[in-house]
Structure formats: C-alpha cells, structure tokens
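Reviewing the structure listed below.
Please treat every number below as a calculation from the coordinates, not as lab data. The structure displayed is predicted, hence computed values, not measured ones. Here the Cβ positions follow ideal geometry from the backbone for every residue, glycine too, while neighbour counts run over all protein chains shown.
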Number of protein chains: 4
Amino acid sequence: MVRVGVVGATGYGGVESVRLLLRHPQVQITYTTSETYRGQKLDEVIPAFRGCTDLVCEAFSLEEAARRCDVVFLARTDAGWSMEVAPKLLELGVRVVDFSADFRLRDPAVYAKWYRKDHTAPHLLDEAAYGIPELWRDAIRGSRLVANPGCYPTSVLLGLAPLLGAGLARDVVVSASSGVSGAGRSKITLDYHFPEVNESMRPYGVQGHRHRPEMEQGMSLLAGRDLRIAFVPHLVPMTRGILSTAFVSLTRPVDQDELDGLYQSFYNGERFVQVLTSGRLPETGSVCGSNNCHIAAVADAHTGRAVVMSAIDNLVKGMAGQAVQNMNLMMGLPEESGLDQPGLYP
Amino acid sequence: MVRVGVVGATGYGGVESVRLLLRHPQVQITYTTSETYRGQKLDEVIPAFRGCTDLVCEAFSLEEAARRCDVVFLARTDAGWSMEVAPKLLELGVRVVDFSADFRLRDPAVYAKWYRKDHTAPHLLDEAAYGIPELWRDAIRGSRLVANPGCYPTSVLLGLAPLLGAGLARDVVVSASSGVSGAGRSKITLDYHFPEVNESMRPYGVQGHRHRPEMEQGMSLLAGRDLRIAFVPHLVPMTRGILSTAFVSLTRPVDQDELDGLYQSFYNGERFVQVLTSGRLPETGSVCGSNNCHIAAVADAHTGRAVVMSAIDNLVKGMAGQAVQNMNLMMGLPEESGLDQPGLYP
Amino acid sequence: MVRVGVVGATGYGGVESVRLLLRHPQVQITYTTSETYRGQKLDEVIPAFRGCTDLVCEAFSLEEAARRCDVVFLARTDAGWSMEVAPKLLELGVRVVDFSADFRLRDPAVYAKWYRKDHTAPHLLDEAAYGIPELWRDAIRGSRLVANPGCYPTSVLLGLAPLLGAGLARDVVVSASSGVSGAGRSKITLDYHFPEVNESMRPYGVQGHRHRPEMEQGMSLLAGRDLRIAFVPHLVPMTRGILSTAFVSLTRPVDQDELDGLYQSFYNGERFVQVLTSGRLPETGSVCGSNNCHIAAVADAHTGRAVVMSAIDNLVKGMAGQAVQNMNLMMGLPEESGLDQPGLYP
Amino acid sequence: MVRVGVVGATGYGGVESVRLLLRHPQVQITYTTSETYRGQKLDEVIPAFRGCTDLVCEAFSLEEAARRCDVVFLARTDAGWSMEVAPKLLELGVRVVDFSADFRLRDPAVYAKWYRKDHTAPHLLDEAAYGIPELWRDAIRGSRLVANPGCYPTSVLLGLAPLLGAGLARDVVVSASSGVSGAGRSKITLDYHFPEVNESMRPYGVQGHRHRPEMEQGMSLLAGRDLRIAFVPHLVPMTRGILSTAFVSLTRPVDQDELDGLYQSFYNGERFVQVLTSGRLPETGSVCGSNNCHIAAVADAHTGRAVVMSAIDNLVKGMAGQAVQNMNLMMGLPEESGLDQPGLYP
C-alpha cells in the first residue's frame, strides 16, 4: 500500500483527493492536515465523510509527513508555500504532487511576473513534471515531483493537443466557463456569496488570467513553436465543471472526417479522454464526479476554423483526480487505479 | 460473482443502479434493458458512462432475464408492471428487487385505492420484504422478493423509528422536500421544465400523496399500533436529495440527552445511518451520491415535541443504493459492498 | 411628493426598497446611506441601477435625514441600532419604517431574551405599529413608527390569520423555507458560499429562531389567547422566496368548502393577498419580485387538520414591498402605490 | 392610449410583454391570445399575474385583432406563421412587432435555407425594420412592421457595433451563453428537463445556429462590407440572461483609452446601453428583468484583439422589452416609456 498524505485536506481539492483516495485499492491515507480545523475529526468538518473515515485534521509538519507518507498531495493552492515546502519533502524522500502553480512554469521570470514573488526553488523547475498524463506521461512516470496543472489548462490543452501536434493551429481563441467550486473553500467573499452568483454569469480575469502563461507554455511545447492564446474565463452558477470552447484558425482546410480521425487516433486507448463524434457535444453534467474529459471537434468551414469543446470536472480531472492519476504513474501503479468510477448523473 | 440485471436502465433509478453496481466487487451487470433506447449502447444514451461500460440497452424478456441473471432490479416505476413480471421471474428462479410500489403495501385493497388498479399477485404481498435494512433486516436477508421503498418513506421511517419503537410518538406531522430527480427521466412535462422549477419552491400532493399509506403502514408496524401522518411534500430547485422534517408530539417529556441516547443506541453500528448531535443538523448536500442517512433529533420543550430531521439522496438511499444494500442481504454478501463511497461534496 | 430616505441602501432590503421607490409615483428618494460604500455612486455598487439613478451612498446623519426626508426606511437589520436612532428621528419629525426587530416585540423582556440586549426605547413599543397591513391596517395608518415585520412572520401570520380569527386553531406546526437572500448581503460566511448552499437543503435555528416570539405575539393577538408554534425554518438553494407550510389542528372539523369560504372572505378585496382554491397551490416562483402573497388552505380530514401554504417574496412582501405598503398607509397615499407590478416570471 | 394585442400571450415572450405593457402609461392591452389555454383567464395560466389583470386567453382572429388593436405583438416564434398573418394585419391597418425570424432576413433565399420554407411575403422584407433601436432607430420610427431581433443578435450586434462602425473589426469570434428561458415554454423536451440542465453547461448549434445569418447581415450593414462570424452558443443553468463574449481581431492597434472613448461616444445618451469601464465587467444578474445592455470592451494587446462582453436579459432587451421599445418608436411615444424600471437584483 502506498502511504499518501493530503495537506490542506479541508479545501475542495483536498476533500476531493480524500474522497478518491479512500476508494483507491493500493492507497492508504496516512496523514491529513488542516491549519484551520486542526484537531477536529475530518468527518465533523466535512459531514459527507461521516461513516467513511476516522481521519483527523492535523497540523502540518515536515517530520510527520516524512515519517508517515510515501507521497504527499500539497492541496493548498496559495502561491509560494509549496516552493518552500516541496524541496524539503523531496530531500526527506517524500514524493510530491503539488496543486499550486509553484512548479508549473518552467521560467522563473514568468512565475515572478504572474505571481508577484521570486521563485525560491528554481532548481526544481526542470525536474518537476507537468502533470497531464495523456500529453506528458513519460515525464510523470517515476518522477519525484509533479506540478498538478490548473483546471483551465487541463481542459484547454487536452482539447487543443491533437491540432497543435499536427501543426494545424494557426491562431487560438478560447472562451471557458467554470463552476464556482473553482474559487475554493477558503476565499469567502461577496463575489461567491450565493445570491451574487446564482442566476448570473460573468466573465473575469479578462486582462490576463494566471492560467494564460501556463496554457501558452503547454501549447508551445505541443506545437513546437511559440503560440499565444486569447482567453476569457467565465463564472457560471453551478458547483462543478469546466467547459472550454476553443476557436482554432487552421493552417489548411480540415474537414470533419479528418478532424474526427485526428482526435480519435490521438486519444486512442486513453481511459480518461472520450472523443465525441457524429454531432454529439460535451456537457459538464456528463463528467461530474469522474476523471473523464469529453471532447468534440467540429469543422467550421464557414470561417476556416475548428471549434473544439472540452468538458471536465474541475475538481477531478481538473485537480484531485488528475493528481491521483499522476501519483499512480509516479508510484508505478495502474494509471486508472481509484479512478474507474462513472460520473454522478444526474 | 452475482449476476445482476437492471430493467429500465436509462431512468434515473436505473442509471444510479448501474453506477453503483459497476463498482460492486461481487457483482457483474449482465443485462440492461430499455424499451425507449433499445439497441443503443448505454454510454451513448447516458454519456456519464462513457469509458466505463460496454453495456447495451436491450429489450426486456423473461427468458433472457432468467438465463443471464441471479437477481433483477425492476427499476421501472410505473405502477402495475412489476406485479405482472415479478411472479414470473420468481418462478424462473430469479430474485427480484422491485423499485415500484407494487409489493410495498401489505393490503391489496389499499393498493387498489391508491394506485387505481386491482393487485394481480396478492399472494406475494406477504412474502415480499419491505426493504429498509436498518428496520427490517431479518426479513430481507435471504428473501426472493424485496419491495424497495419509496424515497419519502425511507427518510421518514428512518427518522421516526427510534421514537416509534420506544412508544414515544403520539402524533406525527412531516414536511418533506425533494430534488427534481425524484420525478424521473421519462415524465417530461411543463412541471419539471427548467424555468418552471428553477428559483421556485412548491408543495404538491397535499390532498394525499401515494407515499402516505406506505409510511403509515411502516409507522404502525414500528409502533405496534395504528398511526396517522400529516404529510406534505415539496419540490425544491435542486437535482438530488430529500430532507424530511418531522414534528412528533410525545407521550411524555423527553429531553435532549434522552433523545440523543435513544437515537445513538438505535442506530449504533449501522454503517449507513449517522446520528448528528450537539446542534449539528443534516443537509442534503452532505449525503449527495452516498447511501447515507443523516439524522438529528431535537427536543422542543417549548411545544412538547421532538423535531426529527433526516437527509438522504433520493436516488441512493432513497432508491438504487438501498436496492444494492437489499440485494447484498438477499444474496448473503456484505451489506455495505459496493456502497462504501463517501458522498460527492461539494 | 413624499421625500424618502433609505438607510442601509446597499443591503438586499435597501436595494429592493430603492428599486420599488424609484418607480413610486408619489415618492422621491432624497437620501441613501451606506457606511461600507460611502461616497460611491449607488449604481456603481449595484450595477442593476445603472441608467436608473444618480443617487450616491452617503454617511448617515440625523441632521441630514431630518432635513431631507419625510420618512426614513431603516434598512439596516442589525439588532440595537434602530432603537438608538429611531427615537431621535421621531423627535426631529421624521417618520420611520424600521426593518430591524427593535420595535416588533411589545414586551421588552422578550426582546432582551432573544436579542441579548436591553431595550433602550421601551416607551415606543406601544406606539410602534406592527406592519402587516392586511391584519393591522388601522394601527399603521397615519402612524409615526412602523415595525416592519420579519419575512417568516409575514408569510406565517397571513397564512394563519383567518383560522386564528375564527377561533379554529388549536395547535400550530410550521415548516418554512427561505431563499438565501434572506441572509443578507453583508454576512459573508462559509454558510452562504455558493458551493455550500447550491444543491443542498438544510434546516437551521431549530432550537429557537428569533422570529418565533414575533409569530407567537401575532398569533396570540389574532386568536385572542396565548398560542405557541412549533417552527422550523430551512434554507433552500434559490435567491428569493419564502414558502411556509402550516399544519393546524382544528378545534372542530372544517371541510374544504368552509375553508375556502373563510379564506376568500377574510382576504376579500385585498390587493396583495390571493387565495388559491380548486387544488391550486402556491409556489414562490409566482410571487418573485411582487408584493403578493399566495395562500392555499387545504382540509386534511385524514388527520383533522388544515394545511395552509403561503408563498411570498422575502425581499418584497417579506421586507421592502411591505415597507412601501406601510409607508403608503402612514402618509395617506393609496396603499398599492408603487407596488402594482406583476412578479417576474419565469 | 395605444391599444396593443399580444398574440401568444402564454409563452415566455408573451408573458414578459404583458408584464411590461401592464405598466406602460400610454398603453392598454386589449387582446391576448393563446391557442393552448383558450378561454382561460390569463392569471390562472400564469399565476404571477394574479391580482394584476383580468385578461383572458382568446383565440386569434384577424378581425378581432383589427377591431381591437392599434399594434399587435406576434409573440409566437414558430417560423412561418407570421409571414402568413402579418401581411393581413398590415392590410387591416394594424401595425406589427413580430417576434419570429420571418422578417429579419433581407434575402428570402437565406430565409429559405435556414428555416426550410419559402418566404410567402418577400415584398415586405424591405419594408420591415430590423428592430434594434440603438442601431437603426430611424428605420423603426413610424414604421408599420418591425422584425424584433433574436436575443443573441441583439447582444452581439450591440457589442460589436462601435468597432464595426469604425472599420476596426477584421475578424470576429463570439462565444455566447443563454439562460434556459430562451428555449421557450412550449418546447418541453428532455433537453430542458430540470435535472438535465441543472448543474451542467453545454454548447449547441455549433454546426450553424439560425441566428448566425441574422448576425452577419447586421454586422455587414454596420461595417459596410461582408463579414463572417464564428459563433458558438451555450446553455447555462439559469433562467434568464445572455452573455456574449466577442473576440475581435483589429485592423490596427487600439489601446484601452481609445476603446473606452469609442464605446462611450457611440452609446452616449442611450438610455438602455451602459458602457462599463475601469475594469468593470458585465454580468447577466445585473440586467435581469430590465431592458438594459451592459457592455465592456477590453483591449487585449497580447493578441491584438478587443474583447467585447455584453449582457442582456434575453426576455427583455432580447425580446419583449425591445419589442416595447420598438413599439414606442413606431407609435411616436417616448422611447423609454414602460421600460424605466431597474433590474431585479439579487
């Protein structure tokens, strides 16, 4: 059994990690931390866990983590904390799946620009694997440190990868929408107060969302050349789910058959990516609670574009589920272990 | 491996049964039927199943059911169909968990009154076990035919049972609320059209809901004497969940400590019922997707009542999850098999 | 033109007051205050007002209020503030509609018990009119100080009044549910964070909600004798609306015809109360945005009760709309002035 | 008083028309029709109207319309019906605001292609004014026949017009999202069943939505040259609201100041279009129930685009409110008459 710790176990990403790991046949959760709820039983803080676990919210300590865990999920997402802690955990022989952005960007200058602090562990940026297994599986397998990607980048890069890899993308515009759980459980502001969000849809971060450099880094890697993205995220009155709609100008005309073939062969054999064809389109309700990503690519001859839509659950494939998938690869477990459940519908 | 068939696999109760059974370690789903979607792959009808199953929607036939199944879930809920089919399945040696009301009421006259048709298999009414395991486990264990209870009766009877069993209930008033999935997937009317339901709450069935005789039958069994219930259900703009609030006049004063003790000892050791104390109250969001029932009983000295609140997921403990729990008991499997997952939160 | 001030104009009750008063043909809003947003234009704080008003959020001052207003809506709902301010406003010749609970309870000891502070203006408790016009119109007409009722008491008392007045109510149990706007705009906690509320229903305040003494005071006045209420409020994932379901044990059998007659004659001629008959039931979606209260009373011969359901918009008939109605009566304006609009449906 | 008839008064667009017209100071609603609810009182079909009107659902007849109305709102939206009826109404001297697409497209061949029927009144296509007053006010003023625009085209064209008029738009990509009321009240299918829509977001019509030719016609008129649009609409789990996000490649670099100036001067003095600046972004919750359109244009130097976001209420500015605005212009009434109310927030 792999011994896993979840640091920040009472945030939405931590809770979802615990939910998935409790059912993982090769994992034992040995350590759960929460500074806010320190000392309380996890199932008293999160009543959905009643009857399922005796775990307790503990304070975080490097020593305890090292003593009790083979892998630690750093599910705190505040920038800067992971780059202090992860190097020490690695030194102590603990592997790390980091949910924050600290190890996602290869270039420390880009990190500093977008997160407004200098990177304190730049020597690990090359080692850290960027954790989208369908795209960079080899780098993740066996690695010590995985930068778990942002939820938007996961949905966008999975959607674009076949076009980028085939050299077909000339220009990329993405409109994406997220459920409110993406804002987390600790940032309690008027912005996410129920009556403010309910029955309303709004864009945000139009002047530059922090996930943009992460997406452009991935796009450029996949395309083999620098690419920019016009990206607008929106908040939608639902709890879970990200839907990304990409409008991709093509370097040459591509018809629907070629598009279908390209996507189907690119994701052939992938357990967690389903390519929809024949007019079927993804919806977030169909991936709620599962690690799946549903993708449809539609040829728009009218404007010479491909329209690529992808749906994920932001807390699963966009966060905790992908973290489990990454951990499976890091530890040599079957990649789908603990993740083989259908989504919750309706 | 127990071979299970799900008849009516594309309704919400059937889908939820498939979702749970796919993860059940001692079960293989061998037969899924749907008249509406006959011939289509289940994961094309229900995209949440993509990547999880190759099951196909077949037409229902007694012979196929008998040949391929040890147990059949009759997840069609239209009154009258099960009482035709279940007797034949039993004759062919197939056990039945019936989701309809056909075998819930002991008295065929009561059935005829509320469902407006004569019962065609009254000889099975005594044999059929009423499937709330926490209350009637012995009758369910090893039985051939289980009447899977209604969602409201499950939540109400679990909430009332300790008071009824102790002879403390004098008069019972219940206000309950359900998410819209309780209306099913095939009854598509203006009543459940999104803009009509969204942002609105409404009572219904005030003149007499079909679940009332079912609740009164259970209450009377538990109390050992005839009891009536004043019951009003409501529709709430959410997909899953039932919250029942019972106001119980007591035969003698009962304080909070006695109430807590009564409920805790009644449900001591139960895997799927959690008693909340110390001011904690149930909420449906904490049992979404799980087979749990959260109950809190509060002493209301002001009016000499106990107020008992219980929350379940109408599609799990209120339907498919309880069906799996019943099947486990029928087949001698561990009762919690396939049901050990936490709810989906948030 | 009546000059009206709205103190606390950026809370939900204040915003709704401004919305209604902007359309009131005999009113001019002359003063809007907000400590939080002091100095900002109201339509920048509340974008729904863009293009509709040039009002500015000012600091509150007694002098300004007295100089610029004939009536002031005290739309701050924190207990204790109004009982300091209202007496001074009255002295300066300004009439007051108070949204807080400070002047609702006739007995200062009851106030002290439930709001945990001594009343500092007990001499005004007799003068203050309790503002449900359909029940206490004469006391409101021409008064200087109106205690605008709580949202639950409004829906419950309107529902119960005909039975109470006829001496038919023996025992009263009420289960009520509210949309989340009832929690206000300034109390930003995890409890009302979108992912915590959405897709979940929960009871609260079971041990004793502050609206209980207010309801019992009103019930006793209407019945002419002391009455208690068993009351449980619930939070429902919608923005606006209160639905109250009252189960009333009757002093003698009452059939549906008598019930219909009683309610229709009691509310005959009332512009803002509609009695539904013939099986029609109220729903909150049908009163959203309007000052209407929809009521249906159903005879439950099975348990010897009447079930009375009433629906209001908690921010209109439950707050700002009723305040306008009260102000109209205080100032001798037509009672329905500014309130003649249909609800927003869907 | 202008005498107005609403044909199709029980659909969402008809209901919203009645709601607005009931408050219109220069209008009397003299005729409401509904084939489905023929003979019933309107306030029994639509309980939100209780206490507000005695109108009755009548059958439609040309003679009655001509006898009782100066203007008729054809609020039935099924393609083909209006082009039969409108010519006859005009002949009888009744003016028409048509909610369907029958008179929106100038070219009958385009109509035939997208709506799959030949146009039977092509001689009226030139006469019919396309009813977005802010863009084509002069054509609407005094006209006999107005084609009330689609909801998506209204939001998109208002958002793009300043850029198009200034010759700055080179290429246009629009991602738009709508609440479910856009699907209407008579098309009751699984697609809009509450549990299918709730907590899910999905694209639709990707291969070509019928509003595309309407948008391109408007864009080309405004730009003075042919323009195409890449357009994807989405369905969002809310009742009202359209948010459109347009990514516009520019013919030359435009900074934020120039963009702000361009939009502010273009919409200077418009009562129903508010330009947001200084980082403020539109949200649908802020225009719910009002005839307003909130627009923000953001310079995206990173990709050389302008991102233009616009929010409307699909049933008001996107349908019934704009119809009233058009009628005001047709009849020489003040343009804002009956439309001066703030939105409903929250």
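Quick notes
- Net charge over other residues, Cβ less than 11 angstrom from the Cβ of B:Pro213 (K, R count +1; D, E count -1): +3
- Computed P(r) (all Cα pairs; the range C:301-343; 10 Å bins; percent): 25, 37, 18, 15, 5
- Three-way shape label, the range C:25-77, alpha-carbon gyration tensor, a/c 1.5: oblate
- Extension gain, A:Ser278-A:Ser265: 0.36 nm per intervening residue step, less the Cα-Cα distance, totals 3.1 nm.
- Among the chymotrypsin sites (Phe, Trp or Tyr not before Pro) within the range C:135-235, not one is in coil by DSSP while having at most 12 neighbouring Cβ atoms inside 10 Å.
- The fewest-to-most ranking of B:Glu270, B:Glu196 by surrounding Cβ atoms within 10 Å reads B:Glu270, B:Glu196.
- What you get for chain C, charging only the Cβ of Lys and Arg (+1) and of Asp and Glu (-1), is a dipole of about 320 debye around the Cα centre.
- For A:Arg170, the residues whose modelled amide H falls within less than 5 Å of its own, excluding neighbours fewer than 5 places apart on the same chain, are A:Ser249, A:Leu250, A:Thr251.
- More than 38 angstrom apart: percent of Cα pairs within chain B: 12
- The packing ranking, built from the mean of other Cβ atoms within 10 Å per residue, places the peptides B:294-303, B:78-87 in the order B:294-303, B:78-87, highest first.
- Neighbouring partner chain Cβ atoms per residue of D:202-212, average, 10 Å criterion: 4
- Among the trypsin sites (Lys or Arg not before Pro) found in the range A:10-71, those both in a DSSP coil and sparsely packed, with 13 or fewer other Cβ atoms within 10 Å of their Cβ, are A:Arg38.
- Förster-model FRET efficiency, 41 Å R0, D:Arg210 and D:Arg252, C-beta, rounded to 0.05: 0.80
- Taking B:Leu92, A:Leu344 and counting other C-beta atoms within 10 Å, the order from fewest to most: B:Leu92, A:Leu344
- Cβ neighbours within 10 Å from other chains - mean over B:281-292: 6
- Label point of C:Glu63 (7 Å along Cα→beta-carbon): distances to the other copies' equivalent points are 6.5, 7.4, 9.8 nm, sorted ascending.
- Separation of the D:Val45 and B:Gln40 label points, Cα + 7 Å toward Cβ, nm: 3.2
- Rounded, prolate or oblate (a/c below 1.5 giving rounded, otherwise prolate when a/b exceeds b/c) for the protein assembly as shown by Cα gyration tensor: rounded
- Computed from backbone phi with θ = phi - 60° and the Karplus coefficients 6.51, -1.76 and 1.60, the 3J(HN,Hα) list for the range C:307-320 is 9, 10, 10, 9, 10, 9, 8, 4, 8, 10, 4, x, 6, 5 Hz; x is used for glycine and proline.
- If the chain linking D:His302 and D:Glu91 were pulled fully straight, counting 0.36 nm for each residue of separation and taking away their Cα-Cα distance, it would gain 70.4 nm.
- Beyond 16 Å, the tail of the calculated P(r) for the range D:235-334 holds 61 percent of the Cα pairs.
- Neighbouring partner chain Cβ atoms per residue of D:240-247, average, 10 Å criterion: 5
- Distance between the modelled labels on C:Gln28 and D:Asp138, one decimal in nanometres: 3.8 nm (7 Å Cα→Cβ projection).
- For the range A:82-134: rounded, prolate or oblate by the Cα gyration tensor [a/c cutoff 1.5]: oblate
- Rounded to 0.05, the FRET efficiency of the B:Glu63 and C:Ala66 pair, given R0 = 60 Å and the Cβ-Cβ distance, is 0.10.
- In the structure shown, the pairs D:Lys187/D:Lys317; A:Lys88/A:Lys187; A:Lys41/A:Lys88 are assessed against 24 Å; a Cα-Cα span above that value is assigned to A:Lys88/A:Lys187; A:Lys41/A:Lys88.
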